[in-house]
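Where a number appears in this text, it was derived from the coordinates with a stated rule and is not lab data. Everything numeric here is computed off the predicted structure, so don't read it as measured data. So basically every Cβ, Gly included, is an ideal-geometry build from the backbone, and we count neighbours across all protein chains shown.
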């Protein structure tokens, strides 16, 4: 059985493409300049780590914000729905780079004018760049996903919610047992794609002195005047991260039961 | 007699260079990021400043047709080696590190390097004085190299910025304690209302020609001796005929040619 599967998989075109890939990798490894790698390896590891935690935390907090944003727009009263819609429109309608700069160079430079902020225990954190980067990325993710969740909540058949209410289920239980799980499951593939997009947005924080992996690659380029090699390695790092995100979302999708829709 | 010979030689080289350069303009790369008072854009988008005027004067004296091409600072050396530009005149210091990749003309200015910090904060421009401080510098400059060599081991953190303006802004915002840069560039910043309110010069750093370089020169591709000779002739000419001093007087109280 295993052997047969293996033979099925080993089609001529796959063997050819695999060999071609191997030749390209070998050519890059032997013909290009990689002597800078040992010197910058610790910095690159730090950069990759910073990219990962910025991504994970912003997706986590962004999702926590997106659920109420979606719910407010899908079923909330007007005084919650309107602010939520305005927030999503503003975030989605302006460039992320602009938001990052507004937070860092705008909001961030207002703080030191107040001596009590400057003397407070929070100042050592507020004077750093990463809180602004994390805040901007979180708000951006929340804005996009709030809109996605609005659609997701609306896609759950109303009959189910009405049935649950008729059975006397409390409102929070309807949300946690019926509404949210189904809405979430329906948009999981979309969220996977959005998270990859979010990962590709992280290099923007390099402009406000957060030294993530993109900033490290530019640093190598600026220090050594070697251009292609750091950029190629950077592309490989992002490809691996994207692969990991796609794999993770596939696992989550495969774990739960399939959504059954009438019709 | 010797003087006449030199003049004759210079003229010949100039003519040769003139013939060689007559058809195509020499593309002089300047940093696309503003670096006042050396190079910045006015309201109409035209490039103005000490260095921009000096490019005009040196090119005229060298009998070169020059065209100013703004290039992002962090990619300006690759742009030169790739042939997108033919010369760099962007306040680039002549250093051993850069000499491995490109060549330089004679220097056309040389100014001291200073540390500027927040008023009321105890510090000076020595490793002891900057212990535990957060220092901001512009990326890929001699100042970054100097800070990494002398201050990084004792400083709390070294932050690098794409432009000097961003470093200045972060000093005003209190995110860095001190910045290190060329004294002229920082004088311009300290003259602004923001700069006046927040900061002051804390001292001049100890010289290290191996890191801080031998002044600012025209960056050129290696092996282009004709162009190098032409620029050297141009620089010598503007210094000799008083053009240099005339342009200088429009910007600074004293000559920034240095020793």
Estimated [θ] at 222 nm from DSSP helical runs (n ≥ 4, -39500 (n - 2.57)) normalised by residues in chain B, nearest 500:
-10500 deg cm²/dmol
Using alpha-carbon positions, what is the distance between the centroids of segment B:48-112 and segment A:50-125, in Å?
43 Å
Can you put A:240, A:88, B:198, A:28 in order, fewest other beta carbons within 10 Å first?
A:240, A:28, B:198, A:88
Ranked by Cβ crowding within 10 angstrom, fewest neighbours first, how are B:218, A:156 ordered?
A:156, B:218
Give me the inter-chain shielding for A:106-113: mean count of other chain Cβ atoms within 10 Å, whole number please.
3
Taking only Cα atoms, what is the 0 to 90° angle, nearest 10, from helix B:2-21's long axis to the longest principal axis of chain B?
90 degrees
Prolate/oblate/rounded label for segment A:40-255 (Cα gyration tensor, a/c 1.5):
oblate
Using the per-residue mean of other Cβ atoms lying within 10 Å as a proxy for protection, in what order, highest first, do the peptides A:245-251, B:42-48 fall?
A:245-251, B:42-48
Checked the protein assembly as shown against the a/c 1.5 cut and the a/b vs b/c comparison, axes a ≥ b ≥ c from its Cα gyration tensor; verdict prolate
Among A:126, A:37, which comes first, second and so on when ranked by fewest other beta-carbon atoms within 10 Å?
A:37, A:126
Rounded to whole angstrom, the alpha-carbon centroid of segment B:165-227 lies from that of segment A:184-204 at a distance of 42 Å
Just want to confirm a number: the relative contact order over chain A, from Cα pairs under 8 angstrom separated by 6+ residues, in percent.
26 percent
Helix B:50-61 sits at what angle to the longest principal axis of chain B, using alpha carbons and giving 0 to 90 degrees rounded to 10?
10 degrees
Before anything else, pin down the relative contact order of chain B: Cα pairs under 8 Å, at least 6 apart, normalised by residue count, whole percent.
28 percent
